[in-house]
Every structure is written in structure tokens, then in C-alpha cells.
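Comments concern the structure below.
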Amino acid sequence: MIRGVFDEHNAPRHGTVYSDPATDNLFELFQTAGSVLWIAEIDNEIVGCCGVYPTEGLDRDCTELVKFYLQDKVHGRGTGRKLMEQCIHFAKELGYSRLYLESLPQFSRAVTMYLKLGFTNLSLPLGNSGHTTCNIWMIKEM
């Protein structure tokens, strides 16, 4: 589903989640303490996901919003907002005071949502996600 969203938006494959080997092993990845991945399903089909992960290199008070992808057919239904709110709530429950994310211009609808939810732009990336092609970096103070 994640790679399909990249294809739908003509997003770069190299240096992104698309080519990240962890994308094929999400169950194992999200066994890490302090992480969670929520999925959205319609008629037993996964149509979206969003998670929180303690990315290497981030300060202790900061976690990363990760794997936020929705199929085009569910845009405008509030699915993305619900997933995001779950992640923000989870991060606060764990005691984080900041939520970081990385994105691409091809996902401008998501970037608009981030801004509405209180994220602000950064001029440089934080942490060591390995997603070197991402060129939008944002933070939310919680």
C-alpha cells in the first residue's frame, strides 16, 4: 500500500520509504519500544497507515511521525486526521514534547494537514532516518 501511494503521487523511490528495507518488515520494526503503527481498513483492505517511532539521533523529548500514507480513494473522509490524532495522543502519553516528521512536495495535501495541526517548518533534518531525498522537515511542540 505504501509503495502504491508513492506511485500514485509520482514520488521519488530512492532515498525514501519506498526503497527502505524496513518497509518490507513493518511488523518487526514496530516491535521497538515507544513505537506504534495504526492502519485504516475499508472492507478488509488497508487504505492508510500512520505511526510514531523513536528514530535514532532524535533528542529524548522528540519522536518521529512515520509511515503516514493514505490511498487517494480515502482522501477527504477524515481518515488521515484520525490517524494523525492517534499518533499525537500516543506521543504525548509516552511523555514526548515534540513530534518530528519528514515529507516530500509530492505529498502536499499531507503537508497542509500538518500545518493545520500545528507543525512548523524546519530548515534542516533531525535524527538519522536515512531518508535522504525528503526535503520537507517539520516539528510540532506538544
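Annotation note: trypsin sites (Lys or Arg not before Pro) in the stretch 70-142 located in DSSP loop regions with a Cβ neighbour count of at most 10 within 10 Å are absent.
In this rough spin-label picture, where each label sits 7 Å from Cα along the Cβ direction, the residue 1-residue 141 distance is 3.4 nm. Compute the distance in nm between two label points, each set 7 Å from the Cα along the Cα-to-Cβ direction, one at residue 8 and one at residue 44. Distance between label points: 2.1 nm. Using Stokes-Einstein with the Kirkwood hydrodynamic radius over Cα pairs, what translational diffusion coefficient do you get for the chain at 37 °C and a viscosity of 0.692 mPa s, in µm²/s rounded to a whole number? Using the Kirkwood radius from Cα pairs, D works out to 216 µm²/s.
Per residue, the accessible area of the chain comes to 54 Å², computed with a 1.4 Å probe over protein heavy atoms only. Taking the 1.4 Å solvent-accessible surface of the stretch 18-120 as the whole, the part contributed by carbon and sulfur is 49%.
Put the Cα centre of the stretch 111-136 next to the Cα centre of the stretch 60-87 and the gap is 14 Å.
The values are calculated or read from the model by the stated rules, or taken from the named source; none is laboratory data. Because the structure is a prediction, the values reported are computed rather than measured. Reconstructed Cβ throughout: ideal geometry from the backbone, glycine too, with neighbour counts over all protein chains shown. Ligands, DNA and RNA are stripped out before the accessible areas are found, and what is left, the full protein with its side chains, is counted by its heavy atoms. Shrake-Rupley method; radii C 1.70, N 1.55, O 1.52, S 1.80 Å.
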